[in-house]
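For reference, the structure discussed in these notes is given below.
The values are calculated or read from the model by the stated rules, or taken from the named source; none is laboratory data. None of these values were measured; they are calculated from a predicted model. Cβ coordinates were reconstructed from backbone atoms using ideal geometry, including for glycine residues, and neighbour counts include every protein chain displayed. Remember, those area values only see protein heavy atoms, side chains included, never the ligands or the DNA or RNA. Shrake-Rupley method; radii C 1.70, N 1.55, O 1.52, S 1.80 Å.
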Amino acid sequence: MRTDTADVEQLATPPAFQRISFARKFKNHLATTLFAAAFVIAVVPLLWVLWTLLARGLKPVLSADWWTHSFNGLLPNDFGGGIYHALVGTLLEGLVCLVISVPLGIMVGIYLVEYGKSSRFAKVATFMVDILSGLPSIVAGLFIYALWITTFGFTRSGFAVALALLLLMVPVVVRVTETMLLIVPDELREAAYALGLPKWKTIMKIVLPTALSGILTGVMLGLARVLGETAPLLILVGYSSSINFNLFQGELASLPLAIYMERSTGTVAGDYRMWGAALTLVLVIMLINLVASLLSRLFAIKTK
């Protein structure tokens, strides 16, 4: 029996998990501490901004007149009024930008993935999309001013602003569409081709529905980004404190422009309206992000 026990002890393998050394424990705790510190450093300014917005902008936002009135007729030192005029301008500009950029960006993305691939024209298109992705908003505003107003002779308007925002949003839609289409497995395309479906019908019936959830999410997030731009507004349209539903004529207010103009008054009432407009813009962007999340879940591929 003793001999058998000795043989078993000799044949036994060492444990798979060895004792962790002090150096490894120290490095692990150090990395954990650094990551936690980086998280706190990133979150604290965000919470500070949100707290400042709520503390200074919540009072006007909770007023019923804030959503149904404009700043028309108010002097710089007068309290009251509402953000309705700027909210209407922001939504109109965003809607025009959305209607034009989404079909254009999706079609470009489909061409790059499904048709162009490594062709010369596709490489040129990809290069141009990369340039537009890093285009500053002030440059987009100056380009539309030189083309739409100086060259074609149109007046400054909200539609010109929508065109500038379009230049900023199209590359976002193209990149999102391209990425989501590349994720779609090639087996789905090959199965559709094997059943005799033409390529265009395969894209419309198989590929796009599969990638639609991610595309819609990226589109809404891109819209939320461009709605906060201020530089094109300062160049392409004048500010109006009254309500204007005409995108092609007259001055038009928007939330970023209202924030800038109320800050320039230098009065207590102006700061009151400025913080209310800033919080309203944050709420609009949060609402767009919420809609993006809901659309992503609604159009996601259902699995058992």
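Some values worked out for this structure:
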| item | result |
| --- | --- |
| Residues that are open to solvent by less than 60 Å² (accessible area, probe 1.4 Å) and modelled with pLDDT of 90 or more, drawn from the range 130-152 | 137, 140, 141, 144, 146, 148, 149 |
| Matching option when the condition is of a type in the set (A, V, I, L, M), assigned to a helix (DSSP H, G or I), closer than 26 Å to residue 153 by Cβ and open to solvent by less than 70 Å² (accessible area, probe 1.4 Å), among 215, 235 | 235 |
| Residue pairs meeting the criteria (Cβ under 6 Å; at least 6 apart or on separate chains; first at positive phi and of a type in the set (Phe, Trp, Tyr), in the range 232-250; second assigned to a helix (DSSP H, G or I) and surrounded by fewer than 16 Cβ atoms within 10 Å (Cβ to Cβ)) | none |
| Residue within the range 179-188 that is more than 30 Å from residue 59 (Cβ to Cβ) and crowded, with 22+ Cβ neighbours inside 10 Å present | yes |
| Selection count, the range 268-287, where residues are open to solvent by 20 Å² or more (accessible area, probe 1.4 Å) and either more than 15 Å from residue 85 (Cα to Cα) or in contact with a His (Cβ under 9 Å, 6 or more places away or on another chain) (or both) | 9 |
| Selection within the range 273-298 - under 17 Å from residue 254 (Cα atoms) and of a type in the set (Ser, Thr, Tyr) | 280 |
| Any hit, the range 160-168, residues being closer than 30 Å to residue 231 by Cβ, over 22 Å from the mean Cα position of the chain (by Cα) and part of a helix (DSSP H, G or I) | no |
